[in-house]
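Report on the following structure.
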Amino acid sequence: MNVSQLQTSDYAQFYSNYIAQASDEFTLIEELEISLHRFIKFVQDIPLDKFDYRYEEEKWTIKDIIQHIIDAERVFSYRALRFARNDTTELPGFEENHYVNEANGNQRSIMELLTELSAVRHSTLYLFKSINKDQLLNIGIASNNPISVGALGFIIIGHQNHHQRIFEERYL
């Protein structure tokens, strides 16, 4: 599946920014793999003194954001698993600020965070490789909105790309 194959009914409008940041050049599986390597290489080139930097007092650090990307990917993947397996249970949203505050990502090393991100992404890849093209079209309800399994995969990619752009614009 490519991102251009998604319908606007596959996701809530507030996810359109993330969907727009996924490339149509590659399939979902290819982009999940490529974007991980691209992101890790990008982060490894960030000067060490920037990982604990906040561009405003209450904003997250780069480490906090990487932890947030990890947590969000776990949530989105769990939703994809449930909906791919035809589970029609409505799933609640999650409060990202609470997750960041409790995760203490800023207290971890950058290598530990990148290693965990890689492990989570590989798990996500195995999940999406187990999902067939019909299951990618399954729609469930999360955060009070319909969302397809395929859209969740592209949201994972777009969410990561969104934060990489934030790093470039506000942190570096």
Scan (1) free of Cβ contacts under 8 Å to residues at least 24 places away in the same chain; (2) in a helix (DSSP H, G or I) for the single condition Asn132 breaks and write down its number.
(2)
Note on segment 86-106: residues open to solvent by 90 Å² or more (accessible area, probe 1.4 Å) and touching a residue at least 40 places away in the same chain (Cβ under 8 Å) are Asn86, Thr88, Glu90, Pro92
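Let's see how each residue does on (1) more than 15 Å from Leu113 (Cβ to Cβ); (2) of a type outside the set (A, V, I, L, M); (3) touching a strand residue (DSSP E or B) at 6+ places or on another chain (Cβ under 6 Å):
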residue: Gln7; (1), (2), (3): yes, yes, no
residue: Asn17; (1), (2), (3): yes, yes, no
residue: Glu30; (1), (2), (3): yes, yes, no
residue: His37; (1), (2), (3): yes, yes, no
residue: Gln44; (1), (2), (3): no, yes, no
residue: Arg54; (1), (2), (3): yes, yes, no
residue: Trp60; (1), (2), (3): no, yes, no
residue: Ile66; (1), (2), (3): no, no, no
residue: Glu73; (1), (2), (3): no, yes, no
Run down Leu117, Leu125, Leu113 and say which single residue is farther than 27 Å from Lys59 by Cβ, of a type outside the set (Gly, Ala, Ser) and touching a residue at least 40 places away in the same chain (Cβ under 8 Å).
Leu125
Which residues, counting only those in segment 117-130, are out of contact with any Ser or Thr (no Cβ under 9 Å at 6 or more places or on another chain) and open to solvent by 70 Å² or more (accessible area, probe 1.4 Å)?
His122, Tyr126, Lys129
Matching residues in segment 131-169 (over 21 Å from Gln21 (Cβ atoms), of a type outside the set (Lys, Arg) and open to solvent by 60 Å² or more (accessible area, probe 1.4 Å)) number 5
Considering only segment 15-37, how many residues are open to solvent by 50 Å² or more (accessible area, probe 1.4 Å), in a helix (DSSP H, G or I) and either without any contact (Cβ under 8 Å) to a residue 60 or more places away in the chain or touching a Cys at 6+ places or on another chain (Cβ under 8 Å) (or both)?
3
For Leu114: the one exception among (1) modelled with pLDDT of 95 or more; (2) open to solvent by 30 Å² or more (accessible area, probe 1.4 Å)
(2)
With (1) under 17 Å from the mean Cα position of the chain (by Cα); (2) surrounded by fewer than 20 Cβ atoms within 10 Å (Cβ to Cβ); (3) assigned to a helix (DSSP H, G or I) as the list, and Ser9 as the residue in question, which single condition is left unmet?
(1)
Qualifying positions in segment 41-78 - open to solvent by less than 30 Å² (accessible area, probe 1.4 Å) and either farther than 30 Å from Leu91 by Cβ or not in a helix (DSSP H, G or I) (or both):
Ile46, Phe51, Thr61
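The values are calculated or read from the model by the stated rules, or taken from the named source; none is laboratory data. Keep in mind that this is a model prediction, so the values were computed, not measured. Heads up, the Cβs are rebuilt from the backbone with ideal geometry, glycines too, and the neighbour counts pull from every protein chain shown. The accessibility values were calculated without ligands, DNA or RNA, using every heavy atom of the protein model including side chains. Shrake-Rupley method; radii C 1.70, N 1.55, O 1.52, S 1.80 Å.
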